[in-house]
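Working notes, beginning with the structure itself.
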Amino acid sequence: MSTGKGLIFLGPPGSGKGTQAQQLSKEFNIPHISTGEMLREAIAQQTPLGQKAQTYVDQGELVPDDLLLDLIEDRLNQEDAQEGWILDGFPRNVSQAEFLDKLLHKLDKFSPQAINLDVPDEVIIDRLLLRGRKDDNKETIRRRLDVYREKTQPVLDYYRQHDKLSSIDGNRELQEVTTSLKEVVT
Ligand code: ADP
């Protein structure tokens, strides 16, 4: 088992996972791996994956697991990911979390640390409406929050039960959140 860092950022859409992941990626010199970004890129390029994923992303639904699992396995096998990574947007349900555990076990890599960015719903809706990505309209936001509660909240319990979860208050200035994150990363 190596000493690298495997960080899993959890938290609702708009909780700041992407922004914070970018900061910490620079700080620790490990790649920021965002499945949402990878999917948006695949959609923009209309690759076979992008074509299959598009309607799910547009509607705020989870893309089926079988489309994500190879993607993440290939990405974690790349050279720049051997000393650590920050996952943003994966795992998003318990079966993805179990898949990741098995994969890391197989790769005999570091055990991951999950960090939850806690932000109340009202704040999230305001932030997402300001951001204005294609899937940031009111209806899709509502659906993504429901999907988060239904499918991703159980992932928090999963890591909590395995004693791998830290939670921090994400409803503060960016810089303060980054400072707290650096404090909890072991
Ligand atoms: P946000 O965190 O703001 O919802 P993301 O960029 O993480 O945005 O994800 C955008 C969309 O991409 C999701 O709504 C979902 O459709 C899809 N997606 C991203 N990651 C996953 C995943 N691990 N499993 C299934 N779908 C995913």
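The values are calculated or read from the model by the stated rules, or taken from the named source; none is laboratory data. Quick caveat, the model's predicted, so the values are computed rather than measured. All Cβ positions, glycine included, derive from the backbone under ideal geometry; neighbour counts span all protein chains shown. To get the accessible areas, we keep the full protein, side chains included, count just its heavy atoms, and leave off ligands, DNA and RNA. Shrake-Rupley method; radii C 1.70, N 1.55, O 1.52, S 1.80 Å.
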Exercise. Tell me, which residue of the range 163-182 that is touching a residue at least 40 places away in the same chain (Cβ under 8 Å) and of a type outside the set (A, V, I, L, M) is nearest to D101 (Cα to Cα)?
Worked result: K164
Problem set entry | Failed item in (1) surrounded by 14 or more Cβ atoms within 10 Å (Cβ to Cβ); (2) more than 11 Å from the ligand (Cβ to nearest atom); (3) at pLDDT 95 or above, with E98 passing the rest | (1)
For this session: Could you grab me the full set of residues in the range 133-167 that are within 10 Å of the ligand (Cβ to nearest atom), open to solvent by 70 Å² or more (accessible area, probe 1.4 Å) and assigned to a helix (DSSP H, G or I)?
Result: R143, K151
Problem set entry | Which listed residue is under 20 Å from S34 (Cβ atoms), among the hydrophobic types (A, V, I, L, M, F, W, C), surrounded by fewer than 17 Cβ atoms within 10 Å (Cβ to Cβ) and within 14 Å of the ligand (Cβ to nearest atom), from L130, L117 | L130
Exercise. Scanning for something free of Cβ contacts under 8 Å to residues at least 60 places away in the same chain, more than 10 Å from the ligand (Cβ to nearest atom) and in contact with a strand residue (DSSP E or B) (Cβ under 9 Å, 6 or more places away or on another chain), does the range 81-94 turn up at least one residue?
Worked result: yes
Exercise. Listed residues L71, L62; which is over 19 Å from L156 (Cα atoms), within 17 Å of the chain's Cα centre (by Cα) and open to solvent by less than 80 Å² (accessible area, probe 1.4 Å)?
Worked result: L71
For this session: Determine if the range 79-88 includes at least one residue that is within 14 Å of the chain's Cα centre (by Cα), open to solvent by 10 Å² or more (accessible area, probe 1.4 Å) and closer than 19 Å to L145 by Cα.
Result: yes
For this session: Go through (1) touching a strand residue (DSSP E or B) at 6+ places or on another chain (Cβ under 8 Å); (2) more than 10 Å from the ligand (Cβ to nearest atom); (3) touching a residue at least 24 places away in the same chain (Cβ under 8 Å) one by one and return the number of the condition E73 breaks.
Result: (1)
For this session: Take the range 13-39 and flag every residue that is within 7 Å of the ligand (Cβ to nearest atom) and open to solvent by 50 Å² or more (accessible area, probe 1.4 Å).
Result: E37
